[in-house]
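**Q** Okay, handing you the structure first.
The values are calculated or read from the model by the stated rules, or taken from the named source; none is laboratory data. This is a predicted model, so every value here is computed, not measured. Note: ideal-geometry Cβ built from the backbone for every residue, glycine included; neighbour counts use all protein chains shown.
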Amino acid sequence: MSVRDPGRPAQRRVRLTWLGQAGFRIDIGETSVVVDPWATPHDDRLIPAPPLGLAAEGVDSVLITHDHFDHLDLPLLGEILERSPAARVVLPEAVVPLVEQLVPEGQIVAVNPHDRIEVDGLSVDVVPAFHGVTMEDAYGDGSAIGGRPLFVGYVLDVEPRIYHAGDTIVTRELTAALKPLRVSVALLPINGRDPERESRGIVGNMNAAEAAELALDLGVSRLVPYHWDGFRGNTVPPGSVVDAAAGKLHVAVPARFETFEL
């Protein structure tokens, strides 16, 4: 890992594949990054697991935003490292102990909000996220539990510049961190939050209207919604963000496992 000053990214072909829930594969030229892939079965899972060829093969870096099992899927991470043994694993410093027995020390890249890192020639800005391990610590950055942030998002310094939010609500701190980064494509959760779900211990995210408002505020060219499909009792219609954008913003709701070029 090395750190360098921000610069204009080189033009490379960028392809995006949605893996369901918060998972994406992003192919940038010959470099392949997987963010928050989730494949392990769960009683309330509503969606098929991504093909292992997409989620695990030819992967240079795995970016993990936080430790909920639909974002840090430890069995799948082991499969990725079997199929892509040199892959770097980027995750919040506070979450590193969860992977130390699985990932070789030299392949772990520990990060905190506002870091700028370089992995395999790809520059990545780490931004804050505001979520919760449980409702007792929602909605903060996770520092209330162990003194260090547990939740992050990532901005990939490519053309177009891509932001993956992880799980988060919209806050002034988040918006302030993102505005200087000139995001073009925003991958945002839209499942929202409400008292009924929170009473069941479900820590929510921004909703469709908040996602559209954030994207417009940042001046992005495209919003890709996620985290609306994965769990029984925690879904929303993907078209709700199209309605919220009201023709002011290009919204792309991709088909799972289908690659498209940005």
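**Q** Among the strands (runs of 3 or more DSSP E) confined wholly to segment 184-262, which include 3 or more residues that are on the phi < 0 side of the Ramachandran plot and hydrophobic (A, V, I, L, M, F, W, C)?
**A** Result: 185-189.
**Q** Got a number for residues in segment 101-112 being buried (at least 20 other Cβ atoms within 10 Å of the Cβ) and not β-branched (Val, Ile, Thr)?
**A** Selection size over segment 101-112: 0.
**Q** Among all residue pairs at least 6 apart or on different chains, which show Cβ distances below 6 Å where the first residue, located in segment 183-199, is among the basic types (Lys, Arg) and the second is outside any loop (DSSP other than H, G, I, E, B)?
**A** Sorted first by the residue in segment 183-199, then by its partner, the list stays empty.
**Q** Within segment 230-243, which residues are closer than 15 Å to residue 254 by Cβ and either free of Cβ contacts under 8 Å to residues at least 24 places away in the same chain or touching a Ser or Thr at 6+ places or on another chain (Cβ under 6 Å) (or both)?
**A** Hits for segment 230-243 are 239, 242.
**Q** Also, I was wondering about something else. Just give me the residues in segment 40-58 being free of Cβ contacts under 8 Å to residues at least 40 places away in the same chain and either touching a His at 6+ places or on another chain (Cβ under 7 Å) or of a type in the set (A, V, I, L, M) (or both), in sequence order.
**A** Matches in segment 40-58: 49, 52, 55, 56.
**Q** Check residue 144 against each of (1) modelled with pLDDT of 95 or more; (2) farther than 19 Å from residue 18 by Cα; (3) surrounded by fewer than 21 Cβ atoms within 10 Å (Cβ to Cβ) and name the one condition it does not meet.
**A** Condition (1) is where residue 144 drops out.
**Q** If you scan segment 31-73, which residues turn out to be part of a helix (DSSP H, G or I) and out of contact with any strand residue (DSSP E or B) (no Cβ under 7 Å at 6 or more places or on another chain)?
**A** Of everything in segment 31-73, those that are part of a helix (DSSP H, G or I) and out of contact with any strand residue (DSSP E or B) (no Cβ under 7 Å at 6 or more places or on another chain) turn out to be 52, 53, 56.
**Q** Would you say residue 212 is among the small types (Gly, Ala, Ser) and within 15 Å of the chain's Cα centre (by Cα)?
**A** Taking the combined requirement at face value, the residue does not satisfy it.
**Q** Within segment 209-240, how many residues turn out to be closer than 24 Å to residue 161 by Cβ and not small (Gly, Ala, Ser)?
**A** Number satisfying all stated conditions: 15.
**Q** Continuing with this model, one more query. Within segment 185-194, is even one residue more than 17 Å from the chain's Cα centre (by Cα), among the basic types (Lys, Arg) and modelled with pLDDT of 95 or more?
**A** Yes, the conditions are met somewhere in segment 185-194.
**Q** Of all strands (runs of 3 or more DSSP E) completely enclosed by segment 74-182, which ones contain at least 1 residues that are over 15 Å from the mean Cα position of the chain (by Cα) and among the β-branched types (Val, Ile, Thr)?
**A** By residue number, 108-111, 116-119.
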